[in-house]
Amino acid sequence: MPETLSQTVEPNAPAQPLLNQSGQLNSRPDLRFPHPTERPDSIVVIFDGQCRFCTSQVRTLQRLDFAKRLSFISRHDPHIRQWYPDLTYDQLMEQIYVMPPESHGAGTKEPARDAAGKPHYAGAEGFRYIAWRLPILWPFALLLSIPFSMPLWKALYAFIARQRYRFGKLGAGDDPCGPDGTCELHFGNAKKKS
């Protein structure tokens, strides 16, 4: 990545806003995800950082990444347009994108490439790519690699992705939409109807 992102945190600083400069929810320093600028040779996972459900799933991936192979960037991060100009807003809102390091392992299926020739995987295929690289997820990788099953996994992924803001409301307490207005952003007045 061409430039580095520096974040300084003062010990007694007031609580940070709900969205950080990378467009992620809950951007307290102890909840921060490793950014691609911090791990330049990592697998980059692009996700919706304003989605509670997505952020929760990415946090799980981060905890399972014992070898520190992954870095994460919200689709709302200002670097996205610069680093991945061929990915549109609509594409990034539909599914995660996984960008392998330039020297991705031999024996893997050749990924889709953008106009600049950079490889990427999306949605269920992106999760399968990650699962093969995190040993604890190998059972899922095997399941996702059953011949001719990918259309099923893609359909399931698409269904979950369409419902992700609703899933993010589950278990959120008294105000499932939170002060950030996430539900209103995606459901209009759904906050009042909940």
Fill in the blank from the handout: Descending packing, highest mean Cβ count within 10 Å first, for 132-139, 49-56 is 49-56, 132-139
Practice task
Give the long-range amide H neighbours of Phe72: residues separated by 5 or more places, or on another chain, with amide H under 5 Å away, using H modelled in the peptide plane at 1.01 Å from N.
Solution key: His35, Val45
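Only the coordinates and a few stated rules stand behind these numbers; no lab work does. Being a predicted model, the structure only gives us computed values, none of them experimental. Methodologically, a virtual Cβ is constructed for each residue, glycine included, from the backbone with ideal geometry; neighbour enumeration extends over all protein chains shown.
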